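K.L.:
Below are the structure tokens for one structure; questions will follow.
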Amino acid sequence: MPRFSPGDRVTVLDLGKPGHVRIPWFIRHKTGRIERYCGAYPNPEDLAFGRPGLPVIDLYRVHFPQTALWPDYAGAQGDTLEIEVYDHWLEPAGPLT
Amino acid sequence: MTPEPIGYSADAVDPSRPVVEGHEGADYYALMTEALHKILLEKQVLAPADTDRVIAALEAPNVTWGARIVAQAWKDPSYKARLLADGSAAAREMGYTIKEAKLVVVENTAALHNIIVCTLCSCYPRSLLGQPPWWYISKNYRARTVREPRAVLAEFGVAIPPPMEVRVHDSNADMRYLVLPKAPLHTTERPFEDLVRLVTRNMLIGTELVEPYR
């Protein structure tokens, strides 16, 4: 049972891991909402070192307004970005205040 | 003493180092790959035909496969619905096996334009479309598309009117992405093969339009 459902607000963690991580810097500490659940896959952080990457980890697509990622975003205010994030890089975010 | 690998992720480790595009940015790995290949041939672990076979398999998929999926979606609304719900299953219906985890298809509409990038490397639906174009792998495209997509699109000659949303899809992990371009007029009357010929590789990435947005 995946921890998050579409629409849930989540914040991307900064786990400070070196090496082959799939979470780029520009989304760390940023808050978006779950767009969809993608299934569960072997952990690429282990696969990169020839390990089996098990147990598999839930993967989500997370939706961000561009203005949440880049304070000086120069495009249209309604522009967005979607990106895949593994479960262990996410924490629940509170509702919008 | 083993010499230090001079090209090792240098621009990730030291942000002040200038970005170097292409193989010059990965001297160490290019050299190591070539050396390893030569050793494996010399030791007869690999034969030249093995390498040729792998290259042929990598080069078999091509843009036409993606174009046929798009033309089918333009022609048949029920196929389009299945394509958007499950890209891999809909590709299989057309005879194409997606070897990556899942194909996600994103639809351009009058209100939304989609563009695909892999910021971290060069993830691309290779089992469907073959190898990505050179600029898709460039650090310039990868860094700027997430940061200033409209400026990047303008360089491709693509104008997105401001009320429209531009949605960037970062292909950073297991999913692979295909843009379903907005259909031209009269798709029902036009022959299927004519529609296939309209679709270019850049349209499937989101850096070209069939017709300008109005």
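The values are calculated or read from the model by the stated rules, or taken from the named source; none is laboratory data. Please read all numbers here as calculations on a predicted model, not as lab measurements. Glycine gets a Cβ as well: all are built from the backbone with ideal geometry, and neighbour counts include every protein chain shown. To get the accessible areas, we keep the full protein, side chains included, count just its heavy atoms, and leave off ligands, DNA and RNA. Shrake-Rupley method; radii C 1.70, N 1.55, O 1.52, S 1.80 Å.
K.L.:
Show me the strands (runs of 3 or more DSSP E) found entirely inside chain A where at least 2 residues are closer than 27 Å to residue B:154 by Cα and of a type in the set (D, E, K, R).
P.N.:
Working: elements: A:9-12, A:31-41, A:57-65, A:80-86, A:90-92.
Output list reads A:80-86.
K.L.:
With the requirement that a residue be open to solvent by 30 Å² or more (accessible area, probe 1.4 Å) and either β-branched (Val, Ile, Thr) or within 14 Å of chain B (Cβ to nearest Cβ) (or both), what does segment A:7-25 give you? Can you show your working first?
P.N.:
First, pick out the residues of segment A:7-25 that are open to solvent by 30 Å² or more (accessible area, probe 1.4 Å): A:7-9, A:13-20, A:25.
Residues satisfying the conditions are A:17, A:18, A:19, A:20, A:25.
K.L.:
Let me ask something additional. Given the conditions (1) under 20 Å from residue B:103 (Cβ atoms); (2) in contact with a helix residue (DSSP H, G or I) (Cβ under 8 Å, 6 or more places away or on another chain); (3) facing another protein chain (nearest Cβ under 10 Å), which single one is not true for residue A:58?
P.N.:
Of everything listed in (1) under 20 Å from residue B:103 (Cβ atoms); (2) in contact with a helix residue (DSSP H, G or I) (Cβ under 8 Å, 6 or more places away or on another chain); (3) facing another protein chain (nearest Cβ under 10 Å), residue A:58 misses just condition (3).
K.L.:
A further question follows. Looking at segment A:1-52 only, could you name the residues that are modelled with pLDDT of 95 or more and acidic (Asp, Glu)?
P.N.:
A:8, A:14, A:35
K.L.:
Given the structure, is residue A:52 within 8 Å of chain B (Cβ to nearest Cβ) and either open to solvent by less than 20 Å² (accessible area, probe 1.4 Å) or touching an Asp or Glu at 6+ places or on another chain (Cβ under 8 Å) (or both)? Show your work before the answer.
P.N.:
Numbers: within 8 Å of chain B (Cβ to nearest Cβ): no; either open to solvent by less than 20 Å² (accessible area, probe 1.4 Å) or touching an Asp or Glu at 6+ places or on another chain (Cβ under 8 Å) (or both): yes.
Spelling it out, it is not the case that residue A:52 is within 8 Å of chain B (Cβ to nearest Cβ) and either open to solvent by less than 20 Å² (accessible area, probe 1.4 Å) or touching an Asp or Glu at 6+ places or on another chain (Cβ under 8 Å) (or both).
K.L.:
Out of segment B:56-66, which residues are open to solvent by 40 Å² or more (accessible area, probe 1.4 Å) and either among the small types (Gly, Ala, Ser) or over 20 Å from residue B:130 (Cα atoms) (or both)? Can you show your working first?
P.N.:
So in segment B:56-66, the residues open to solvent by 40 Å² or more (accessible area, probe 1.4 Å) come out as B:56-60, B:62, B:64-65.
Passing the criteria: B:56, B:57, B:60.
K.L.:
Also, quick follow-up: It is to be established whether one or more residues within segment B:101-124 are farther than 26 Å from residue B:77 by Cα, open to solvent by 30 Å² or more (accessible area, probe 1.4 Å) and modelled with pLDDT under 95.
P.N.:
Within segment B:101-124 (the criterion being farther than 26 Å from residue B:77 by Cα, open to solvent by 30 Å² or more (accessible area, probe 1.4 Å) and modelled with pLDDT under 95), the answer is yes, since at least one residue qualifies.
K.L.:
Moving on to the next point. Scanning for something more than 12 Å from chain A (Cβ to nearest Cβ), modelled with pLDDT under 95 and at positive phi, does segment B:182-194 turn up at least one residue?
P.N.:
yes
K.L.:
Next question. Quick test for you: out of A:45, A:82, pick the one residue that is facing chain B (nearest Cβ under 10 Å), open to solvent by less than 30 Å² (accessible area, probe 1.4 Å) and on the phi < 0 side of the Ramachandran plot.
P.N.:
Sole residue among the options that is facing chain B (nearest Cβ under 10 Å), open to solvent by less than 30 Å² (accessible area, probe 1.4 Å) and on the phi < 0 side of the Ramachandran plot: A:82.
K.L.:
Moving to a separate point now. What are the residue pairs meeting all of these: first residue in segment B:186-203, first residue open to solvent by 80 Å² or more (accessible area, probe 1.4 Å), second residue acidic (Asp, Glu), Cβ atoms under 7 Å, and 6 or more apart or on different chains?
P.N.:
Nothing qualifies.
K.L.:
Go through B:158, B:166, B:210 for me and flag whichever is hydrophobic (A, V, I, L, M, F, W, C) and either outside the structural domain of residue B:116 (by TED's automatic domain parsing) or farther than 29 Å from residue A:25 by Cα (or both).
P.N.:
Numbers: B:158 fails: either outside the structural domain of residue B:116 (by TED's automatic domain parsing) or farther than 29 Å from residue A:25 by Cα (or both); B:166 fails: either outside the structural domain of residue B:116 (by TED's automatic domain parsing) or farther than 29 Å from residue A:25 by Cα (or both).
After ruling out the rest, the residue left standing is B:210.
Table: residues versus (1) part of a helix (DSSP H, G or I); (2) open to solvent by 60 Å² or more (accessible area, probe 1.4 Å); (3) assigned by TED's automatic domain parsing to the domain that holds residue B:184.
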{"position": "B:46", "(1), (2), (3)": "no, no, no"}
{"position": "B:54", "(1), (2), (3)": "yes, yes, no"}
{"position": "B:68", "(1), (2), (3)": "yes, yes, yes"}
{"position": "B:73", "(1), (2), (3)": "yes, no, yes"}
{"position": "B:89", "(1), (2), (3)": "yes, no, yes"}
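K.L.:
Might you let me know whether segment B:102-110 holds any residue that is within 18 Å of the chain's Cα centre (by Cα), free of Cβ contacts under 8 Å to residues at least 60 places away in the same chain and either within 15 Å of residue B:203 (Cα to Cα) or more than 9 Å from chain A (Cβ to nearest Cβ) (or both)? First the steps, then the outcome.
P.N.:
Of the residues in segment B:102-110, the ones within 18 Å of the chain's Cα centre (by Cα) are B:102-108.
From what's left, free of Cβ contacts under 8 Å to residues at least 60 places away in the same chain: none.
No, every residue in segment B:102-110 fails to be within 18 Å of the chain's Cα centre (by Cα), free of Cβ contacts under 8 Å to residues at least 60 places away in the same chain and either within 15 Å of residue B:203 (Cα to Cα) or more than 9 Å from chain A (Cβ to nearest Cβ) (or both).
K.L.:
From the residues in segment B:125-150 that are touching a helix residue (DSSP H, G or I) at 6+ places or on another chain (Cβ under 7 Å) and without any contact (Cβ under 8 Å) to a residue 60 or more places away in the chain, which one is surrounded by the most Cβ atoms within 10 Å (Cβ to Cβ)?
P.N.:
Only one residue fits best here, namely B:145.
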